[in-house]
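The values are calculated or read from the model by the stated rules, or taken from the named source; none is laboratory data. As the structure is a computational prediction, the values presented were derived from the model and not from experiment. Cβ atoms come from the backbone with ideal geometry, glycine included; neighbour counts cover every protein chain shown. Heavy atoms of the whole protein, side chains included, go into the accessibility calculation; ligands, DNA and RNA do not. Shrake-Rupley method; radii C 1.70, N 1.55, O 1.52, S 1.80 Å.
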Amino acid sequence: MAGTSDPLSPRAKLAVTAGKTAAAVSRAAGRGSGSVIGGRVALKLDPELLARLAQGLDITLVSATNGKTTTTRLIAEALRAAGPVVSNALGANMPAGITSALAERNDEARFGVIEVDEKYLIAVARETDPKCVALLNLSRDQLDRAAETRMLAENWREGLTGTKAVVVANADDPLIVWAASSSPNVIWVAAGQMWKDDAWSCPSCGGVLQRPGDDWFCGECGFRRPTPSWALSGDHVLDPHGSAWPIHLQLPGRANRANATSSAAVAAVFGVPPQVALERMYHVQAVAGRYDTVQFQGRDLRLLLAKNPAGWLETFSLIDPPPTPVILSVNARGADGTDTSWLWDVDYTRLNGHPIFVLGDRKLDLAVRLEVADQNFQVCENLDEAVRLAPPGRIEVIANYTAFQDLRRRVGN
């Protein structure tokens with residue numbers, strides 16, 4: 001393999017070629033990017049291919065419930081200041097998709113920045129021997145597939161015990177602190193935690209966490225928030241020396257400033273100064289369609305992805321004030337998780353004053369929830385109808401994962 005001391009074996013080369021061919025066929029058939037099927041074919045031919053492709057790269061793994069695709073993109077952009085990067089920028093974050101991404105590396109690639117699904121983090125870490133692991137947050141998401149958050153945190157904690165990797169972890173999320181605390185080399189980042197409803201009980205002993213101000217601690221066992229060395233402070237990143245570096249992003253919202261703070265801490269692990277890292281992050285305008293503003297039927301639509309209660313809470317803080325129209329679209333397909341009970345955990349009173357238009361496979365589930373929240377909404381058959389009914393002005397469009405992909409295809413994005 002180019003860039004490694006040992007070239008790929010004939011079997012591995014065959015697996016890479018077969019995977020790329022399968023991906024190309026999938027794209028030609030209009031079935032998506034082909035990264036997942038390509039990776040599956042390649043791994044079927046060589047089950048150790050992921051480990052082989054990771055050799056010779058300084059790997060960073062990024063995992064979280066929310067923000068991992070954007071943070072992966074920001075880290076990749078920052079590290080390009082130090083050398084060529086290979087990354088799964090489109091978000092195919094399970095082993096098959098990661099294998100496809102690494103198969104695209106070229107001779108000069110130095111860094112691999114890889115988004116990893118929470119359930120597969122430890123397995124991928126075993127295969128890729130990362131130099132850095134970034135842990136952002138944990139909250140309920142796809143409980144029918146990914147298990148309860150405390151179980152995920154315990155899995156991470158056991159899998160990261162004694163790891164050689166530098167772990168960059170969010171000090172404000174108790175579940176992340178519990179998961180990272182088994183690692184010998186942790187860099188704590190005060191990135192904030194807007195959604196707290198999955199982190200009121202102590203992950204160490206089960207006691208009730210106390211949350212005075214920005215601090216948190218367990219009064220029963222002493223488990224508490226560690227002292228961060230990096231922090232988000234308004235529109236600045238504070239580095240371990242106390243220097244404040246301005247954040248200038250084209251991506252909106254507090255959550256993305258938090259993502260940039262964690263990304264700057266990761267970049268520093270590889271010798272990229274925060275000023276350089278943050279300047280490069282400014283060039284990121286959208287991430288796999290997220291935050292894009294598109295024209296559709298003569299209207300401006302801003303596309304926002306939110307797939308669980310924590311994500312919807314952050315997204316509601318981004319939208320223009322009332323009476324801006326809002327389209328909400330929810331599916332419950334395999335990639336979303338089939339359980340829609342999470343809709344009842346979202347605080348829809350934050351949409352007071354917005355005319356709301358509801359669509360998607362599970363529009364009636366969402367309509368019942370909005371009715372209980374006493375919101376002003378209309379159920380629509382499709383995006384075209386919703387846009388036609390919406391009052392003037394830019395429309396905010398919020399959708400969960402497969403609904404977001406459906407909308408992107410409809411608007412040609």
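Could you list all residues from the stretch 278-312 that are of a type outside the set (Lys, Arg), outside any loop (DSSP other than H, G, I, E, B) and within 13 Å of ASN400 (Cα to Cα)?
As a first pass, look at the stretch 278-312 and keep what is of a type outside the set (Lys, Arg): 278-279, 281-289, 291-298, 300-301, 303-306, 308-312.
Narrowing further to those that are outside any loop (DSSP other than H, G, I, E, B): 278-279, 281, 287, 293-296, 300-301, 303-305, 309-312.
Of everything in the stretch 278-312, those that are of a type outside the set (Lys, Arg), outside any loop (DSSP other than H, G, I, E, B) and within 13 Å of ASN400 (Cα to Cα) turn out to be LEU303, LEU304, LEU305, PRO309, ALA310, GLY311, TRP312.
Go through the stretch 241-268 and give me each residue that's crowded, with 24+ Cβ neighbours inside 10 Å and of a type outside the set (Gly, Ala, Ser). Matches in the stretch 241-268: ASN256, ASN259, THR261, VAL266. With respect to the conditions (1) open to solvent by 50 Å² or more (accessible area, probe 1.4 Å); (2) closer than 17 Å to GLY393 by Cα, PHE357 lacks only one, and its number is (1).
For the stretch 295-351, filtered to residues that are touching a residue at least 60 places away in the same chain (Cβ under 8 Å) and among the acidic types (Asp, Glu), the residue that is farthest from VAL372 (Cα to Cα) is ASP300. Check the stretch 378-393 and report whether any residue there is within 20 Å of GLY311 (Cβ to Cβ) and either among the β-branched types (Val, Ile, Thr) or touching a residue at least 40 places away in the same chain (Cβ under 8 Å) (or both). Taking every residue of the stretch 378-393 in turn, none turns out to be within 20 Å of GLY311 (Cβ to Cβ) and either among the β-branched types (Val, Ile, Thr) or touching a residue at least 40 places away in the same chain (Cβ under 8 Å) (or both). Taken across the stretch 284-293, residues that are under 30 Å from VAL166 (Cα atoms), within 23 Å of the chain's Cα centre (by Cα), modelled with pLDDT of 95 or more and of a type outside the set (Ser, Thr, Tyr) do occur, with at least one present.
Counting residues that are free of Cβ contacts under 8 Å to residues at least 60 places away in the same chain and surrounded by fewer than 17 Cβ atoms within 10 Å (Cβ to Cβ), which helices (runs of 4 or more DSSP H) fully inside the stretch 16-100 reach at least 1?
35-45
Residues in the stretch 193-217 that are within 15 Å of ILE176 (Cβ to Cβ), aliphatic (A, V, I, L, M) and open to solvent by 30 Å² or more (accessible area, probe 1.4 Å): 1 in all.
In the stretch 95-115, of all residues being of a type in the set (A, V, I, L, M, F, W, C) and under 20 Å from GLY34 (Cβ atoms), the one that is nearest to the chain's Cα centre (by Cα) corresponds to ILE114. Taking the criterion of being polar (S, T, N, Q) and either within 23 Å of PHE270 (Cβ to Cβ) or touching a residue at least 40 places away in the same chain (Cβ under 8 Å) (or both), the residues of the stretch 158-180 that qualify are THR163, ASN170. GLY334 meets the conditions (1) open to solvent by less than 20 Å² (accessible area, probe 1.4 Å); (2) over 16 Å from ARG290 (Cβ atoms); (3) at pLDDT below 95 in every case but one. The failed one is (1). What are the residues in the stretch 367-389 that are out of contact with any Lys or Arg (no Cβ under 7 Å at 6 or more places or on another chain), open to solvent by less than 30 Å² (accessible area, probe 1.4 Å) and under 12 Å from VAL326 (Cα atoms), if any? Those that are out of contact with any Lys or Arg (no Cβ under 7 Å at 6 or more places or on another chain), open to solvent by less than 30 Å² (accessible area, probe 1.4 Å) and under 12 Å from VAL326 (Cα atoms): GLN375, ALA386.
Name the residues in the stretch 352-373 that are acidic (Asp, Glu) and in contact (Cβ under 8 Å) with a residue 24 or more places away in the chain, would you?
ASP361, ASP365
Of all residues in the stretch 341-372, those that are touching a Pro at 6+ places or on another chain (Cβ under 9 Å), assigned to a strand (DSSP E or B) and either of a type in the set (Val, Ile, Thr) or under 25 Å from MET194 (Cα atoms) (or both) total 1.
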